[in-house]
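Below: the structure, in structure tokens.
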Amino acid sequence: MVALDVQVRCLDCGHQTGYRPGITHCPRCGSEWLQAVYDYPRVARVWRERLPARPFDLWRYHELLPVRHTPPETAQGEGGTPLYPARHLSMMLKLPNIWIKDERQNPTSSFKDRQAAVTIAALKEAGLTDVVVASTGNVAIAYSAYASRAGIKLWAFVSSAVPAEKMREVAIYGTQVIKVTGTYDQTKQVAARFAQERGFYLDRGARSVPTVESMKTLAFEIAEQLGLLHPDARYGPVWMAPDWYIQAVSGGLGPLGVAKGFQELFEMGFIDRMPKLGIIQAAGCDPMVRAWEQDRAEPVDLDSPSTHISTLATGRPGRTYTLLYEYVKRHGGVFLRVTDEEAFRTMHMMAKMEGISMEPAAAVAFAGLIRMAREGLIQPHETVVVNCTGHTMPIESHILGERWAREVPAEAVLQAAPPQEGLLTALTGLDPKRHPKVLIVDDHEPARILFRRVLQSLGEYQILEAENGRQALELARAERPNLIILDLMMPGMDGFQVLERLKEDPETASIPVIVVTAKHLSGQERARIQNLARSLLIKGEFLSDEFFEEIRALLEEETEGR
Ligand SMILES: *Cc1c(COP(=O)(O)O)cnc(C)c1O
Ligand SMILES: [Zn+2]
């Protein structure tokens, strides 16, 4: 047997004792809040020497995990998820350093796979055969996959709000699903009762040592991945903490573990500052945000959460909130709520604009980021990492509506012989000649791509691009677009001059123009534009529904008028 070099320290009385799998209480005071501690100087030495040669997955950090044999037989590629920039979102929010930690790329599509991989491995080492878990969905899915590999029988208690698609996914692994009619907090109580009656191990969320420990690996990976970008990385490994870690929360286990991970990196001398936490809740279930707003260290418990986002429906987060509160007081951060509506809209926007389809719970985090940006809580130089997770199926119909595909009868197309010119086009309504023309004028290529993407996501348009004023005037005359989107700040002929020339020329005078500017305008400049242009838009406000609606309305008006 490999010795496990882990101790646990009681958060209440400070008593420290050796860790053994399955330990649930402090032997001195009976507290359930035990925190794992390690020999950090030793681990720091080992990591400096050996980490670079290890595979990039969660087990690379095994010295700081409470599992003896690593990787365990149950491993299936958990962790080691990519971190990449959210380019379009960054442009829209004018925050250049937004990074997506893509937790969709875990075995069951959520960061709960970290928790399941570590916890189930630890429980298997403890010789357990039956495990009881209460879940808002994703934990049950992840635990089911790993329990199946470990030969452990899982009993998953899920509240009735969990979408049927998720429940079926749990059941397919051979887990016994018990659907509890009631809230998630009641479901937890029912599960605890059952576990006690049967003498089975109950997963106690943030109070179980392996769960918190597993979430640390998110922090370790992020710090290594951001470190790779540092100029000094070419001389050797660099670790870097982001300025912000943003996540949507239910019980708060994720940020709790992530915070501990950064604390350990700090203690080992790998990083020199701690990130701020952006902790986002659904407005219908916001016990942490309510408490934060009243500067209270205990959550304001909610007995009947009312959000459609069942993943986030913990009404009683308990002490996890207190620990997060203390962290945020000390290192900075914010607790913030967003509505279900905002989350659904953000989910659709992220899929259309960024190519990332995420589940509503993850969209809550992005909607929170958008709010934080609007409220000026994030500075442009700050590095932001957002946790992004999968499982979109249950709500696709909800955000897509009915008209998301065009139908084509194969026979009509294939049997018309000889092939009829444009029949397919006619049948699908995809005739490019009928689509409104939009001219995008911007000297900055990424900005043109972003506008192109906005238009593509709105419908069918013929999109023309000009990279300077002269080209813009030529194209406007030759093509007579239905709409011009014009950047104000361009080298050579600037937006003001383009506007004036367009208005002087009778051929182009009536084309509506939306002016876009990143610059702060004087009252005089503003008045000058308002006379000539249809509307004025500040760069960074692209995300607003008003912008989308403005474009749509303008184009409908225009094409009807022709
Ligand atoms: C579990 C989960 C959350 C909430 O995580 P906690 O840290 O446990 O509060 C948020 N988003 C997704 C997608 C989840 O699966
Ligand atoms: Zn104690």
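Taking the conditions exactly as written (of a type in the set (A, V, I, L, M) and either under 26 Å from ALA195 (Cα atoms) or within 16 Å of ligand 1 (Cβ to nearest atom) (or both)), does ALA53 satisfy them or not? So ALA53 fails the test. Among residues that are of a type in the set (Gly, Ala, Ser), in contact (Cβ under 8 Å) with a residue 40 or more places away in the chain and within 16 Å of ligand 2 (Cβ to nearest atom), ALA44 is not included.
Quick one: count up the residues across segment 233-267 that are in a helix (DSSP H, G or I) and at pLDDT 95 or above. Please lay out each step first, then the result.
Narrowing segment 233-267 to residues in a helix (DSSP H, G or I): 233-235, 253-267.
Cutting the leftovers down to at pLDDT 95 or above gives us 253-267.
Residues meeting the conditions: 15.
Note on segment 18-29: residues that are farther than 10 Å from VAL8 by Cβ and within 7 Å of ligand 2 (Cβ to nearest atom) amount to 2. Among the residues making up segment 286-311, those that are more than 15 Å from SER159 (Cβ to Cβ), away from ligand 1 (no atom under 14 Å from the Cβ) and either without any contact (Cβ under 8 Å) to a residue 12 or more places away in the chain or not hydrophobic (A, V, I, L, M, F, W, C) (or both) are ARG290, GLU293, GLN294, ASP295, ARG296, GLU298, ASP301.
Residues to consider are THR187, THR217; find the one that is in contact (Cβ under 8 Å) with a residue 60 or more places away in the chain and surrounded by 21 or more Cβ atoms within 10 Å (Cβ to Cβ). First the steps, then the outcome.
On the way: THR187 fails: in contact (Cβ under 8 Å) with a residue 60 or more places away in the chain.
Only one candidate qualifies: THR217.
Here the helices (runs of 4 or more DSSP H) wholly within segment 154-227 that include at least 3 residues being within 13 Å of ligand 1 (Cβ to nearest atom), within 16 Å of VAL139 (Cβ to Cβ) and of a type outside the set (D, E, K, R) are 209-227.
Results for (1) of a type in the set (Phe, Trp, Tyr); (2) more than 21 Å from the chain's Cα centre (by Cα); (3) modelled with pLDDT under 95, shown as yes or no for each residue.
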residue	(1), (2), (3)
ARG168	no, yes, yes
GLY182	no, yes, yes
ASP185	no, yes, yes
ALA191	no, yes, no
PRO210	no, yes, no
LEU218	no, no, no
ILE222	no, no, no
LEU226	no, no, no
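If you scan segment 1-16, which residues turn out to be outside any loop (DSSP other than H, G, I, E, B) and within 11 Å of ligand 2 (Cβ to nearest atom)?
Our first condition is that a residue be outside any loop (DSSP other than H, G, I, E, B); within segment 1-16, this holds for 7-10, 16.
Passing the criteria: VAL8, ARG9, CYS10, GLN16.
Considering segment 312-358 alone, what residues qualify as being touching a strand residue (DSSP E or B) at 6+ places or on another chain (Cβ under 7 Å), away from ligand 1 (no atom under 13 Å from the Cβ) and closer than 13 Å to ARG296 by Cα? VAL328, the sole residue that qualifies.
Residue under question is ARG60, and the condition is that it be surrounded by fewer than 21 Cβ atoms within 10 Å (Cβ to Cβ) and either over 24 Å from the mean Cα position of the chain (by Cα) or of a type outside the set (Phe, Trp, Tyr) (or both); does it hold?
Working: surrounded by fewer than 21 Cβ atoms within 10 Å (Cβ to Cβ): no; either over 24 Å from the mean Cα position of the chain (by Cα) or of a type outside the set (Phe, Trp, Tyr) (or both): yes.
No.
From the list VAL46, VAL8, which residue is of a type in the set (A, V, I, L, M), more than 28 Å from the chain's Cα centre (by Cα), more than 17 Å from LYS216 (Cα to Cα) and away from ligand 1 (no atom under 16 Å from the Cβ)? Don't jump to the end; show me each part of the working.
On the way: VAL8 fails: more than 17 Å from LYS216 (Cα to Cα).
Result: VAL46 is the single residue among VAL46, VAL8 that is of a type in the set (A, V, I, L, M), more than 28 Å from the chain's Cα centre (by Cα), more than 17 Å from LYS216 (Cα to Cα) and away from ligand 1 (no atom under 16 Å from the Cβ).
Residue count for segment 500-522 satisfying the condition of being over 18 Å from ILE440 (Cα atoms) and in contact with an Asp or Glu (Cβ under 6 Å, 6 or more places away or on another chain): 0. Residues satisfying the criterion are present in segment 81-104 (criterion: out of contact with any Phe, Trp or Tyr (no Cβ under 9 Å at 6 or more places or on another chain), in the same structural domain as GLY368 (by TED's automatic domain parsing) and under 24 Å from PHE266 (Cβ atoms)).
The condition of being without any contact (Cβ under 8 Å) to a residue 40 or more places away in the chain and either touching a Gly at 6+ places or on another chain (Cβ under 6 Å) or away from ligand 1 (no atom under 16 Å from the Cβ) (or both) holds for only one of SER148, SER144, that being SER148. For the residues THR129, THR70, the requirement of being more than 16 Å from ligand 1 (Cβ to nearest atom), without any contact (Cβ under 8 Å) to a residue 60 or more places away in the chain, out of contact with any Gly (no Cβ under 7 Å at 6 or more places or on another chain) and under 30 Å from THR181 (Cα atoms) singles out THR129.
Pairs meeting the criteria (first residue in segment 1-23 and among the acidic types (Asp, Glu), second residue at pLDDT 95 or above and more than 9 Å from ligand 2 (Cβ to nearest atom), beta carbons under 6 Å, at least 6 apart or on different chains) are ASP5/ASP39.
Take the conditions away from ligand 2 (no atom under 16 Å from the Cβ), among the charged types (D, E, K, R), over 17 Å from ASP102 (Cα atoms) and surrounded by fewer than 18 Cβ atoms within 10 Å (Cβ to Cβ) and apply them to ARG337. Does it pass? If you could, list the steps in order and put the result at the bottom.
Working: away from ligand 2 (no atom under 16 Å from the Cβ): yes; among the charged types (D, E, K, R): yes; over 17 Å from ASP102 (Cα atoms): yes; surrounded by fewer than 18 Cβ atoms within 10 Å (Cβ to Cβ): no.
Spelling it out, it is not the case that ARG337 is away from ligand 2 (no atom under 16 Å from the Cβ), among the charged types (D, E, K, R), over 17 Å from ASP102 (Cα atoms) and surrounded by fewer than 18 Cβ atoms within 10 Å (Cβ to Cβ).
For beta carbons closer than 6 Å, sequence separation of 6+ or different chains, a first residue in segment 245-267 that is in contact (Cβ under 8 Å) with a residue 40 or more places away in the chain and a second that is surrounded by 24 or more Cβ atoms within 10 Å (Cβ to Cβ) and basic (Lys, Arg), the qualifying pairs are GLY257/LYS216; LYS260/LYS216; GLY261/LYS216.
Going by the conditions given, is THR311 buried (at least 19 other Cβ atoms within 10 Å of the Cβ), of a type in the set (Ser, Thr, Tyr) and modelled with pLDDT under 95? When the stated conditions are applied, THR311 passes them.
Pick from segment 11-43 the residues that are of a type in the set (Ser, Thr, Tyr) and under 33 Å from the mean Cα position of the chain (by Cα): which of them is surrounded by the most Cβ atoms within 10 Å (Cβ to Cβ)?
TYR38
The values are calculated or read from the model by the stated rules, or taken from the named source; none is laboratory data. Remember, it's a predicted structure, so these values are computed and weren't measured experimentally. Cβ: placed from backbone, ideal geometry, glycine included. Neighbour counts: every protein chain shown.
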